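Asks: First the structure, which I've put down as structure tokens, then a few questions once you've had a look.
The values are calculated or read from the model by the stated rules, or taken from the named source; none is laboratory data. These numbers come from a predicted model, not from an experiment. Here the Cβ positions follow ideal geometry from the backbone for every residue, glycine too, while neighbour counts run over all protein chains shown. These accessible areas exclude ligands, DNA and RNA; they are computed on the full protein's heavy atoms, side chains included. Shrake-Rupley method; radii C 1.70, N 1.55, O 1.52, S 1.80 Å.
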Amino acid sequence: MLNPSLDDKDIINFEASLEPVNVKPRFADPKAKIDQDKSKNWFRRVLPILLANKWSFSMGITLMITTMMLGVSVPALIGKLVDSIEPALLTGDTNNFIFLVTVIFIISFVRFIGAAVGSYQLGRVSNQLEADLRSVVYNHLFTLSFSFFDKTQTGQLISRANSDIKTIQMFLMIAPMLLTSLLSFAFAAIYMLSVHLTLALASMIAIPLVFFLSVKLRRLTFPLSWLTQARQADVAVIVDENVNGQRIVKSFAQEMMQVNLLARAAKKLQWVQVRSVDVSAFYNPLIENLSVLGSVLVWVYGGWLVIEGEIALGSLVAFTMYLMMIQMPFRFLGWMLMLEQRAKASAGRIFEILDETSEIKDKENIVEIEKLKGEVSFKNVHFAYAEEPILKGLSFEVEPNETVAIVGQTGSGKSTIIRLLSRFYDVDKGSISVDGVNVQDMGVRNLHYHVTQVLDEPFLFSVSIRDNIAYGRPDASMDEIIQAAKAAEAHDFIELTSDGYDTIVGERGYTLSGGQRQRLGIARALIVDPSILILDDATSAIDVKIEAKIHKSLLKLLNKRTTILIAHRLSTINLADRILVLDEGEIIASGTHEELLRDEPRYSEILSQQSTKEIIEEEQGEEETDEEYRKRISEMLVQGSPNDEFKGGFDE
């Protein structure tokens, strides 16, 4: 066993592995990642993911090209069929006519099969690319440091991981159609030029103008596409904040303000979308209908050539069908250009995430610690958020299996200490070591396995209570889950829920009270049996009576691991062997509760900022009635209270 087991009665007892999650992943990682060369265009950077499915992609493209080439032969055969009608009527010999009909039917059937299978393969590849690209983005997000998420809005990330990726997938699914259309254009043009040069050139008279308009459309579309995606993300940000912050919105009666905020963002999105529609409404019909000019010329000039006997009627029929093949790319061109520009804009927004590098990285030769004693050392640690100094030369040590409480004013740097210890951020100066090993030399996952945090506002997933408790150990048995819940005094309230441990807690666990969420957070930490346990005000929302029971269980657990308490309640502070007083990023005092009360006035000042009623309740381990509270306060006033807020007497 890698860590000491918690073998006390009714406490946890299980084996743990080196990695925090020791079950096989259900899904394989993507076969490829994007090209890291930023100088390449967006398609070449995405190409490795596309080529990871090269067999399906090659089959799809091959079948599409094959069906296209078969399709190119059909107009020529139909032309011959038309020319065979008159001889058949004159001679009565229909063999050639029947043969051509049979060949055209067989080609059409083969084209149907090939197009169906080819479209399926290309659709499969495009959807696989969407899934792989989303996995690449999602996996990369977990490699980024907390500083990235500090400055990035959640809605922006959601938009880029969903709608932007979908835009790329849609373009790559449609793009092969344009490729086959362009190839059919080339083959059709060759045939037309071989039949009659002048007629072929007359049919293509509009192509230069169409090309010019297409280039102009492309230049207008890209900035509008980028702006559209950005403003869609802005709307997603507002919706995300409104949904997650609905309790605050309603408690302050600011529903209309949020509705107006969303309306303004939607109006900005509407403007750019209308502008995009204006551009496409003008250019797309113009590009499409310019090709009609070629049709008119073919029928007028081609009809005259048939009358003059220069070409056969069947050749003119074939010519008009080939003209439709030439026109097809132009019909798609404007739409495809808009899709391509949107895909380019979306790819650029995705690459902004994928090109982001993490500030927290494993070194090449990392140290993997299998069994940790739990010795913690901060030496001359300096740290600043956005150039605002938080810790200023902080130094302290925690012995193995020692419980240390850190107290201080709000903003003094208490939570920063535990974030640095878990290496959510790296220190600006100095060092932090665990068992004599600098945390920057350890593997990040290995460090997180040994160091577990319980925050004052634990995050719960929208899954069952059982899955939330077993989050750090998905392979934990039901008995281990129940033991952890009992140790956190959560078992009784869980049994009272509708489905017990299978109850779905809802988004972020808001169907539970704050105290219940905190108890589940404690159970989730206990089940992984960490060597270093950090409780960041982890019982602040728990009823005093329940907290006393939790502390009773914790007393059995704390002597088997190193524990750091970020505490405000005196009852929690009393669990510590030693207390560190933090002020403006520096340790100003260290000692037991009694020593600090006697020697350090700033410690007394920090404690006095709590409600005196809360302190009394915590010391007794039970709640008082209002009458008992008033009586005790009066007695304190007679004896002389160290709390300044009561020096002026008790006001009824």
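Asks: Need one value: the accessible area of HIS491 in square angstrom, 1.4 angstrom probe, rounded to the nearest 10.
Replies: My reading of the accessible area for HIS491 is about 40 Å².
Asks: How much of the pair distance distribution for segment 417-530 lies past 24 Å, counting alpha-carbon pairs only, in percent?
Replies: Result: 33 percent of Cα pairs exceed 24 Å.
Asks: Beyond 20 Å between alpha-carbons counts as too far, so tell me which of LYS486/LYS560; LYS38/LYS166; LYS371/LYS560; LYS31/LYS363; LYS31/LYS54 fall in that bin.
Replies: LYS38/LYS166; LYS31/LYS363
Asks: If I model a spin label as a point 7 Å beyond the Cα along the Cα-Cβ vector, how far apart are those points for ASP426 and VAL300 in nm?
Replies: Roughly 7.3 nm, to one decimal.
Asks: Can you give the FRET efficiency for LEU90 and LEU293, using 1/(1 + (r/R0)^6), R0 = 56 Å, r = Cβ-Cβ distance, to the nearest 0.05?
Replies: Result of the calculation: an efficiency of 0.90.
Asks: Could you tell me the accessible area of LYS552 in Å² (1.4 Å probe, neighbours in place), rounded to the nearest ten?
Replies: Approximately 140 Å² of LYS552 is accessible to the 1.4 Å probe.
Asks: Quick one: how many Å² of TRP42 are accessible to a 1.4 Å probe, rounded to 10?
Replies: Looks like 30 Å² after rounding.
Asks: Which ³J(HN,Hα) values, rounded to whole Hz and listed in residue order, are derived for segment 564-571 from phi using the Karplus coefficients 6.51, -1.76 and 1.60 in 6.51 cos²θ - 1.76 cosθ + 1.60 with θ = phi - 60°, glycine and proline given as x?
Replies: Computed from phi, the couplings for segment 564-571 are 10, 10, 9, 9, 10, 7, 5, 5 Hz.
Asks: Right, next: Grab the Cα-Cα distance for VAL277 and SER462, subtract it from 0.36 nm times how many residues apart they are, and report the gain in nm with one decimal.
Replies: Between VAL277 and SER462, full extension yields an extra 62.6 nm.
Asks: Given points 7 Å out from each Cα along the Cα-Cβ axis, report the LYS371 to ASN574 separation in nanometres with one decimal.
Replies: Going from the LYS371 label point to the ASN574 one covers 3.6 nm.
Asks: Say R0 is 41 Å: what FRET efficiency, to the nearest 0.05, do LYS552 and ASN260 get from their beta-carbon distance?
Replies: 0.20
Asks: If you plug each phi of segment 66-74 into the Karplus form 6.51 cos²θ - 1.76 cosθ + 1.60 with θ = phi - 60°, what whole-Hz ³J(HN,Hα) values come out, in order, with x for Gly and Pro?
Replies: Per residue, the Karplus-derived 3J(HN,Hα) values read 4, 5, 5, 5, 5, x, 5, 6, 5 Hz.
Asks: Loop-only check: which chymotrypsin sites (Phe, Trp or Tyr not before Pro) in segment 99-155 are DSSP coil with at most 13 other Cβ within 10 angstrom?
Replies: Those satisfying the criteria are PHE142.
Asks: Points 7 angstrom from Cα along the Cβ direction at SER135 and LEU201: gap in nanometres?
Replies: Placing both labels 7 Å along Cα→Cβ, they lie 5.6 nm apart.
Asks: A further question on this structure: For ASN438, enumerate residues with amide H under 5 Å from its amide H, sequence gap 5+ or separate chain, H modeled in the peptide plane.
Replies: The list, which skips near neighbours in sequence, is empty: none.
Asks: Using all Cα-Cα distances in segment 329-479, what percent lands in each 10 angstrom bin from 0 up to the longest?
Replies: Pairs per bin, as whole percents: 9, 26, 27, 19, 9, 7, 3, 1.
Asks: Let me ask something else. How about segment 372-417: which GluC sites (Glu not before Pro) there lie in a loop by DSSP and see at most 12 other Cβ atoms within 10 Å?
Replies: Listed in order of number, the matching sites are GLU387.
Asks: So if R0 is 45 Å, what FRET efficiency would SER604 and ASP502 give, r being the distance between their Cβ atoms, rounded to the nearest 0.05?
Replies: Computed FRET efficiency for SER604 and ASP502 comes out at 0.40.
Asks: Can you work out the accessible area per residue across segment 260-335, with the rest of the protein chains kept in place, probe 1.4 Å, in square angstrom?
Replies: Ligands and nucleic acids excluded, the figure is 55 Å² per residue.
Asks: To continue, here is another question. Please report, in cubic angstrom per residue, the volume enclosed by the convex hull of the alpha-carbon atoms of segment 447-511.
Replies: 98
Asks: Long-range amide H contacts for GLY393: which residues qualify at under 5 Å (H placed 1.01 Å from N, peptide plane, sequence gap of 5 or more or a different chain)?
Replies: Under 5 Å from the amide H of GLY393: VAL381, HIS382, PHE383.
Asks: Quick one: what does P(r) look like for segment 167-242 with 5 Å bins over all Cα pairs, in whole %?
Replies: Final binned percentages: 3, 12, 11, 15, 16, 11, 9, 7, 5, 4, 3, 2, 1, 0.
Asks: With every protein chain left in place, what is the accessible area per residue of segment 495-604 in square angstrom, probe 1.4 Å?
Replies: Per-residue value: 39 Å².
Asks: Okay, moving on. Please turn the phi angles of segment 499-515 into ³J(HN,Hα) values with the Karplus equation 6.51 cos²θ - 1.76 cosθ + 1.60 (θ = phi - 60°), one per residue in order, whole Hz, x for glycine and proline.
Replies: Each residue's phi maps through the Karplus curve to give 10, x, 6, 8, 5, 7, 7, x, 4, 6, x, 6, 6, 9, 6, x, x Hz.
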